[in-house]
1. What are the aspartates and glutamates whose alpha-carbon lies under 16 Å from the alpha-carbon of residue 107, with same-chain residues fewer than 8 places away excluded?
2. Suppose we look only past 23 Å in the calculated P(r) of segment 77-206. What percent of the Cα-Cα pairs does that tail hold?
3. Any idea what Rg and Dmax come out to for segment 1-100 if you just take the C-alpha atoms, in Å?
4. Is there a pair in 106/166; 3/149; 25/177; 149/177; 25/205; 52/106 whose C-alpha atoms are over 23 Å apart, and which pairs would that be?
5. Under 5 Å between amide hydrogens, which residues at least 5 positions from residue 17 or on another chain qualify, with H placed 1.01 Å from N in the peptide plane?
6. What 222 nm value per residue comes from the helices of the chain, counting each DSSP H run with n ≥ 4 as -39,500 (n - 2.57) and dividing by all residues, nearest 500 deg cm²/dmol?
7. If you place +1 on the Cβ of every Lys and Arg and -1 on the Cβ of every Asp and Glu, how big does the dipole about the Cα centre of segment 1-52 come out, in debye to the nearest 20?
8. Spin-label point model (7 Å from Cα, Cβ direction): what's the residue 193 to residue 100 distance in nm?
Amino acid sequence: MIKVSNISHFYGDEQVLYDISLEIKEDELVFLSGDSGSGKSTLLSILSTLLKPSSGELLIDDSTLDDVENLDKFRQENIGFVFQFHYLINYLNVYENIALAALDDKKKNINSLLENLGILELSSRYPNEISGGQRQRVALARALINEPKIIFADEPTGSLDSKNSKIVYELLSLAVKNGTTVVVASHDMQIQDHATQTIRMIDGKI
Ligand SMILES: Nc1ncnc2c1ncn2[C@@H]1O[C@H](COP(=O)(O)OP(=O)(O)O)[C@@H](O)[C@H]1O
Ligand SMILES: [Mg+2]
């Protein structure tokens with residue numbers, strides 16, 4: 001579903017990715033591992049269409065992004081994002097945060113999704129009224145609401161203790177069972193148990 005060939009990336013004249021080629025198939029849970037500064041976030045941004053690589057090719061379902069007319073719409077329909085910081089909106093409650101991201105025909109699924117993630121009872125609470133682990137589950141719900149083909153998560157458990165991290169990994173695995181492909185960049189090795197493919201990055205190379 002995603003194939004990158006010979007990707008290199010520079011920030012200014014500093015090269016941070018070197019000739020990366022890899023393939024991600026449907027229904028995979030790919031773990032992008034590596035030390036801080038090894039290039040995980042940069043590669044994840046490229047794979048998720050947020051960053052254009054300095055050179056190399058990205059193919060999604062055999063098409064280049066040059067063929068995509070409206071990239072924002074393409075992302076909203078196909079890709080879910082989860083980051084270390086939840087980016088929930090503080091003056092909207094849990095339900096409203098998800099509704100804001102939901103395409104019109106997906107809004108009816110919000111309550112059943114919250115129930116599946118074990119957070120339905122938090123629906124009318126505000127982000128500052130729930131715990132960090134709960135906030136990250138809400139962020140995950142927001143990423144899942146449009147039933148994306150693929151979810152990209154960058155250090156999704158970076159601010160969580162190991163118990164809450166485990167819950168997030170289990171929910172990501174559940175998403176994979178339900179047909180979503182998941183790519184997680186993390187320096188936490190705990191996710192390796194759930195991964196179908198582990199890619200290790202060292203100094204911008206795999
Ligand atoms: N926006 C940026 N501008 C300049 N340098 C950056 C930027 N983002 C990351 N870098 C540098 O690129 C390298 C890889 O960073 P990053 O992809 O964030 O790695 P990781 O996610 O593995 O910590 C690091 O040396 C980092 O300092
Ligand atoms: Mg990073």
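Here, each number is a calculation from the coordinates, and none is a lab measurement. In this text the structure is predicted, and so the values were computed from the model without any measurement. Backbone-built Cβ (ideal geometry, glycine too); neighbour counts: all protein chains shown.
1. Partners within reach: 77, 96, 115, 147.
2. Details: 2348 of 8385 pairs.
Counting pairs separated by more than 23 Å, the tail of P(r) holds 28 percent.
3. According to the Cα coordinates of segment 1-100, Rg and Dmax are 15.5, 44 Å.
4. 106/166; 52/106
5. Counting only residues 5 or more places away or on other chains, the set is 9.
6. -8500 deg cm²/dmol, from helical runs alone.
7. Values: 4 positive and 8 negative charges, 24 e Å.
Charge dipole of segment 1-52: 120 debye, to the nearest 20.
8. 3.5 nm
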